[in-house]
Amino acid sequence: MNFWHPAESSFFVSTLMHPIRKLIQEGEHESLDFKQEISSARKIAKTMVSFANHKGGKLLVGVRDNGAIAGVRSEDEKYMLETAASFYCRPEIQLSIEEWELDGKTVLEVNVPEGKDKPYAAMGEDNKWWVYIRVKDKSLLASKIVVDVLRAGKKENLIQFGHNEKKLLDYLANNDRITLAVFCKIVNISRRRASRIIVSLIRAGVIRSHNTEKTEYYTLS
């Protein structure tokens, strides 16, 4: 005799679940963002460049912050998205957009690829270009150090651990974090020179940058 098991039922339902509903269940994170609508091409460009400067990501347009399906007028939204990608992002971002029907409403799945020409910037309200990065489920303005790391890309990074690098690592071995100002103080060097050292250590994967607070700080990786 065969017995039904609840776990088997859950697996069966999961395999039949619409792919967009599966994404919604994940909630917003560093590679996924929900937008009820696109009200401004300039604003959505910030999210696009933050994904391009990261590992890529998806926008679900027509989905509220709580995951409810709102639906959109697809042609209007597509026009805004394409305008953002081509006019308000530099370099231009090549999107792929897929249209889905859920509960009789249209949802757009917008795929933003990881950029090959980092850093990517979005035009701000002041008509200047600003670089954004993705931190958890937020798109945040990048610091000069992070922009330098993005600009350096994946080029080979040979780092020499001199007196200043060792001082920084010794400090982090005994403290949770360090800021650029503190690093400059403990080794008595200029901000420019300290920034170059931090960029090198980030590229080498030795330390990590954190932008979630007012003052950027660094920790051991």
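Read-outs throughout are calculated quantities, based only on the coordinates presented, and are distinct from any laboratory measurement. Values in this document were obtained by computation on a predicted structure and should not be read as measured data. Glycine also receives a Cβ, built like all others from the backbone with ideal geometry; neighbour counts cover every protein chain displayed.
Which number comes out as Rg/Rh for the stretch 72-150 once both Rg and the Kirkwood Rh are worked out on C-alpha atoms?
Values: Rg = 14.6 Å, Rh = 14.2 Å.
Ratio value, two decimals: 1.03.
Please give me the summed charge of the neighbours of V146: other residues whose Cβ is under 13 Å from its Cβ, Lys and Arg +1, Asp and Glu -1. Surrounding charge for V146 is +4.
Where does each of 27-34, 214-221 land if you order them by average Cβ count within 10 Å, highest first? List each step's numbers first, then the result.
Working: 27-34: 16.9, 214-221: 14.0.
Order by mean packing, descending: 27-34, 214-221.
With the convex hull drawn around the C-alpha atoms of the stretch 163-202, the volume per residue stands at 61 Å³. Its residue count N sets the reference 2.2 N^0.38 Å, and the alpha-carbon radius of gyration of the stretch 102-221 equals 1.29 times that reference. Label positions at V135 and Q160, each projected 7 Å from the Cα along the C-beta direction, are separated by 3.3 nm.
List the relative contact order of the stretch 58-104 as a percent without decimals, with contacts defined as Cα pairs under 8 Å and 6+ residues apart. Could the numbers behind the result be given before it?
Working: 21 pairs, mean separation 12.0, N = 47.
Once normalised by length, the contact order is 26 percent.
How far, in degrees from 0 to 90, does helix 163-174 lean away from the longest principal axis of the Cα atoms of the chain, to the nearest 10? Roughly 60 degrees between the two axes.
Across every pair of non-identical alpha carbons in the stretch 6-142, the mean reciprocal distance, once inverted, gives a Kirkwood radius of 15.3 Å. On a 0 to 90° scale, report how tilted helix 191-203 is relative to the longest principal axis of the chain, with both axes built from alpha carbons and the result rounded to the nearest 10. Its long axis makes an angle of about 50 degrees. On a 0 to 90 degree scale, rounded to 10, what angle separates helix 41-52 from the longest Cα axis of the chain? Compared with the principal axis, the helix lies near 70 degrees.
Listed by chain and number, the aspartates and glutamates whose C-alpha is less than 12 Å from the C-alpha of K116, apart from same-chain residues fewer than 8 away, are E92. Remark on the stretch 150-220: Rg and Dmax equal 11.6, 31 Å (Cα only).
Need the C-alpha centroid separation for the stretch 143-221 versus the stretch 95-114, integer Å. Centre-to-centre distance over Cα atoms comes out at 39 Å.
Spin-label model, R21 to D65: label points 7 Å out along the Cα-to-beta-carbon direction sit 2.5 nm apart. Highest mean first, the peptides 70-79, 137-146 sorted by other C-beta atoms within 10 Å per residue fall in the order 137-146, 70-79.
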